[in-house]
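> Just passing along the structure, written as structure tokens.
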Amino acid sequence: MTDILLSIHPQHAEAILDGRKTIEVRKVMPVRIWPREKIYLYATSPIKSVVGEVRLDCFITYYSDLNFNKNKYILNKACITEEEFNSYMGSREEVVLWCLVNPVRFKEPINLDRFKIKHPPQSFRYLKEVADE
């Protein structure tokens, strides 16, 4: 079992924990995580804490040559605008949609020290790596 620590802007972490955001758009698909494993949500500045967790349901590769107008539900489920999506995608030909289920908000945010991590990841980090250090 390999869980992930995911750095995410606070407004997106909030949307995930509220159940509104069920798709996370990312440039990379982790290779060492399986469906139903945990993704811990590290809310970036100004919160700078792990605020909850969510389970991975699946990954879907999205290719830029698809007609995005037919996939407006992705924008809705990702809680982003078409402009934000296009800006993030840039010149990439594909991105990965992380499908998220079962969000759990922690009663109190957790400091990274509990995960034995000094610095948050730029995108994500496998937590098994922490145990191996």
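> Restricting the first residue to the range 99-113 and requiring it to be farther than 30 Å from Y73 by Cα, which pairs with a second residue that is exposed (fewer than 13 other Cβ atoms within 10 Å of the Cβ) meet a Cβ separation below 8 Å and a spacing of at least six or different chains?
Listed by first residue and then by second, the contacts come to L112/K118; L112/H119.
> I've got another one for you. Please count how many residues of the range 13-37 are surrounded by 19 or more Cβ atoms within 10 Å (Cβ to Cβ), charged (D, E, K, R) and in contact with a strand residue (DSSP E or B) (Cβ under 7 Å, 6 or more places away or on another chain).
Number satisfying all stated conditions: 1.
> Within the range 46-53, does at least one residue satisfy the condition of being β-branched (V, I, T), out of contact with any Lys or Arg (no Cβ under 9 Å at 6 or more places or on another chain), surrounded by 12 or more Cβ atoms within 10 Å (Cβ to Cβ) and closer than 24 Å to R114 by Cβ? Give the steps one after another, and end with the answer.
Residues of the range 46-53 that are β-branched (V, I, T), as a first pass: 47, 50-51.
Now restrict to residues that are out of contact with any Lys or Arg (no Cβ under 9 Å at 6 or more places or on another chain): 47.
Okay, now just the ones that are also surrounded by 12 or more Cβ atoms within 10 Å (Cβ to Cβ), so 47.
In the following step, the residues that additionally are closer than 24 Å to R114 by Cβ were identified as 47.
So far as the range 46-53 goes, yes, one or more of its residues are β-branched (V, I, T), out of contact with any Lys or Arg (no Cβ under 9 Å at 6 or more places or on another chain), surrounded by 12 or more Cβ atoms within 10 Å (Cβ to Cβ) and closer than 24 Å to R114 by Cβ.
> Shifting gears a bit: When you scan the range 84-95, do you find a residue that is over 13 Å from the mean Cα position of the chain (by Cα), under 21 Å from P120 (Cβ atoms) and crowded, with 17+ Cβ neighbours inside 10 Å, even just one?
no
> Can you find a residue that is surrounded by fewer than 18 Cβ atoms within 10 Å (Cβ to Cβ), assigned to a strand (DSSP E or B) and on the phi > 0 side of the Ramachandran plot anywhere in the range 100-113?
Yes, some residue in the range 100-113 is surrounded by fewer than 18 Cβ atoms within 10 Å (Cβ to Cβ), assigned to a strand (DSSP E or B) and on the phi > 0 side of the Ramachandran plot.
Throughout, read-outs are computed from the coordinates displayed, never taken from laboratory work. None of the values given here were measured: they were computed from a predicted structure. So basically every Cβ, Gly included, is an ideal-geometry build from the backbone, and we count neighbours across all protein chains shown.
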